[in-house]
Amino acid sequence: MKQNKPIAIFDSGIGGLTVYRELKTRLPHERFIYLGDTARLPYGSKSAETVVKYSLQNAEFLVSLGVKMLVVACNTASSFALDALVDRFDMPIVGVIASGVRRALALTRKARVGVIATESTVGSASYQNLLRELGPQTEVYAGACPLFVPLVEEGWLDHPVTREVARLYLEPLRAQGVDTLILGCTHYPLLKGVIAATLGPDVQLVDSAAALAGEISSLLTALSLERRPEAGGSAADDFYVTDSIPRFQRVAEIFLARELDNIRLVDLGVAPRREG
Ligand code: DGL
């Protein structure tokens, strides 16, 4: 039965676990399959062509497992590859950009919105273009924060170095008077504390992962794709990585604040067996 199939999530690596965490909290009865393309990360400094190619391979693998929906957790992949994915696969496919934009436009009072993301996401102008399209009066300011990703993976969520880096990256946005800031990268929700302390209480932070979880819940209902109660309680989720399991496992614990043991290694060059 289609409703009882899992929801697939992919990311360039570990960061997409922020999206997984939000989805699991919001939809505890759904089953998820997560793929972190850890062998080929980061995506945030790669070209559009490369990110599209990797994203199609990731999706090919997940779709072959028999899933009912594909969530692109990675902001960089959502920026570059969403159209190509929608063209290639006949299933609901959702990225993170639109939900973050809609939430930011609903929150901003002065129509001054900032976006922070990887270099590639900022360079793609995906957030900037959609903000201007859906909110034509909106002043948009974007900044790349490439050091945030390694700082999070180091577990330096509230470290003096992280606070200083945040000050340097965020000061120009604060000077522009933004009242709403989109955290346009999978890792940034883990730095909410430092970012909020740097920008002060007048700037509202938009967590794209949280915004997306709400929209996916509505989409499942609209498409009658919610997992049926008779399929049993909260089923175990599957995690796949394309490189070292121990490193993923260690950093995953920073993201999820719990242990993960069912992680499998996958070679995306080899077609998996279809399940169910
Ligand atoms: N997942 C990426 C994103 O949200 C950040 C990490 C990377 O650069 O691969 O853009």
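The values are calculated or read from the model by the stated rules, or taken from the named source; none is laboratory data. None of these values were measured; they are calculated from a predicted model. Don't worry about glycine lacking a Cβ; one is built from the backbone with ideal geometry, like all the others, and counts go over all protein chains shown. Surface areas here come from the heavy atoms of the whole protein model, side chains and all, with no ligands, DNA or RNA. Shrake-Rupley method; radii C 1.70, N 1.55, O 1.52, S 1.80 Å.
Sub-8 Å Cβ pairs linking a first residue in the range 245-261 that is touching a residue at least 24 places away in the same chain (Cβ under 8 Å) and under 9 Å from Ile14 (Cα atoms) to a second residue that is in a helix (DSSP H, G or I) and open to solvent by 10 Å² or more (accessible area, probe 1.4 Å), at least 6 apart or interchain, are Val251/Glu153; Phe255/Arg21; Phe255/Leu190, ordered by first then second residue. Residues in the range 63-76 that are within 16 Å of the ligand (Cβ to nearest atom) and within 29 Å of Met1 (Cβ to Cβ): 4 in all.
Evaluating Ser99 against the criteria (1) more than 10 Å from the ligand (Cβ to nearest atom); (2) open to solvent by 10 Å² or more (accessible area, probe 1.4 Å); (3) within 18 Å of Ser124 (Cα to Cα); (4) not charged (D, E, K, R) leaves one unmet condition, (2).
Please find, within the range 13-28, the residue that is surrounded by the most Cβ atoms within 10 Å (Cβ to Cβ) out of those that are within 13 Å of the ligand (Cβ to nearest atom) and within 17 Å of Gln249 (Cβ to Cβ). Ranking the qualifying residues of the range 13-28, first place goes to Gly15.
When the residues of the range 144-178 are filtered to those that are in contact with a strand residue (DSSP E or B) (Cβ under 8 Å, 6 or more places away or on another chain) and open to solvent by 70 Å² or more (accessible area, probe 1.4 Å), the one that is nearest to the ligand (Cβ to nearest atom) is Pro172.
Check whether at least one residue in the range 198-212 is among the small types (Gly, Ala, Ser), modelled with pLDDT of 95 or more and open to solvent by 10 Å² or more (accessible area, probe 1.4 Å), and report yes or no. There is at least one residue in the range 198-212 that is among the small types (Gly, Ala, Ser), modelled with pLDDT of 95 or more and open to solvent by 10 Å² or more (accessible area, probe 1.4 Å).
Scanning the range 222-254 for residues that are of a type outside the set (A, V, I, L, M), at pLDDT 95 or above and exposed (fewer than 14 other Cβ atoms within 10 Å of the Cβ) gives a single hit, Ser224. Considering the range 29-46 alone, what residues qualify as being open to solvent by 30 Å² or more (accessible area, probe 1.4 Å) and either within 13 Å of the ligand (Cβ to nearest atom) or outside any loop (DSSP other than H, G, I, E, B) (or both)? Selection gives Ala39, Arg40, Leu41, Pro42, Ser45, Lys46. Can you tell me which residues in the range 158-178 are touching a residue at least 40 places away in the same chain (Cβ under 8 Å) and either β-branched (Val, Ile, Thr) or assigned to a helix (DSSP H, G or I) (or both)? Result: Tyr169, Leu170, Leu173, Val178. With respect to the conditions (1) open to solvent by less than 30 Å² (accessible area, probe 1.4 Å); (2) in a helix (DSSP H, G or I); (3) of a type in the set (A, V, I, L, M); (4) within 16 Å of the ligand (Cβ to nearest atom), Val115 falls short on a single one, namely (2). Can you report the number of residues in the range 179-223 which are aliphatic (A, V, I, L, M), assigned to a helix (DSSP H, G or I) and away from the ligand (no atom under 13 Å from the Cβ)? Within the range 179-223, residues that are aliphatic (A, V, I, L, M), assigned to a helix (DSSP H, G or I) and away from the ligand (no atom under 13 Å from the Cβ) number 12. In this entry, Leu105 is excluded by the filter for residues that are within 16 Å of the ligand (Cβ to nearest atom) and open to solvent by 40 Å² or more (accessible area, probe 1.4 Å). Taking (1) free of Cβ contacts under 8 Å to residues at least 60 places away in the same chain; (2) open to solvent by less than 20 Å² (accessible area, probe 1.4 Å) in turn, Val67 satisfies each apart from (1).
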